[in-house]
Amino acid sequence: MNKMKSLLLSAFVAVSVLSVSSSAFAATYTYSSSNIGFAHDWELTASGGSGAATWEIEYGYDTAWTNEDYTHTYHNSLSHTAKVLNGATASNEHTDSDSAGSWAGIEVKHSGSLVYYKIVF
C-alpha cells in the first residue's frame, strides 16, 4: 500500500508542477485606442523579448474597405493569440490564434469609442 501512495503522490506532484509552470509563463500585453481616436487610419507597433522569446504586435484602425479595428501578433517560439475588444462588453472580444513563428491576425468591424488590442502568449 505504501508503494501505491507513493506513486499517487508522485503523479499529483508532477501534474501540479506542470500546471504551475505552464501558467507561470503566460503573458498578456494590452494596448488601447485611448487618445488616438478614429478620425483617420492609424497603426502602432510594440515588441519585446529577446533571443528565442521575441514577440511583436501591430494594431490599429483602417478605413480602406470598411472601418475596422485589427490586431496582428507574432511570437517566434510560443503559440499566441491576437485579440480585439471593441465596444462595451466582453461579447465584443474577437480572437485569432497561431503557432510559434506565424502571424495571428484579427480584423473586425469598428465598434465603440475605446478599443483594446492584445497579444497573449
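So here's what we get for this one:
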read-out: Other-chain or far-sequence residues with amide H under 5 Å of A27's (modelled H); value: F121
read-out: Peptides 56-69, 74-87, 31-44 ordered by average Cβ neighbours within 10 Å, highest first; value: 74-87, 56-69, 31-44
read-out: Distance (nanometres) between label positions extended 7 Å along Cα→Cβ at E107 and F38; value: 1.6
read-out: Global form of segment 43-84, assessed from the alpha-carbon gyration tensor, a/c cut-off 1.5; value: prolate
read-out: Rounded if a/c under 1.5, otherwise prolate or oblate - segment 54-119, Cα gyration tensor axes; value: prolate
read-out: Residues listed by number, segment 31-51, amide nitrogen under 17 Å from A64 label point at 7 Å toward C-beta; value: 40-45
read-out: Estimated vicinal HN-Hα couplings, Hz - segment 65-73 in sequence order (Karplus 6.51, -1.76, 1.60; Gly, Pro = x); value: 9, 8, 5, 9, 9, 8, 9, 10, 10
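FYI, it's all coordinate maths here, none of it is from the lab. All of these numbers come straight from a predicted model, not from anything done at the bench. Using ideal geometry, Cβ is built from the backbone for each residue, glycine included, and neighbour counts are taken over all protein chains shown.
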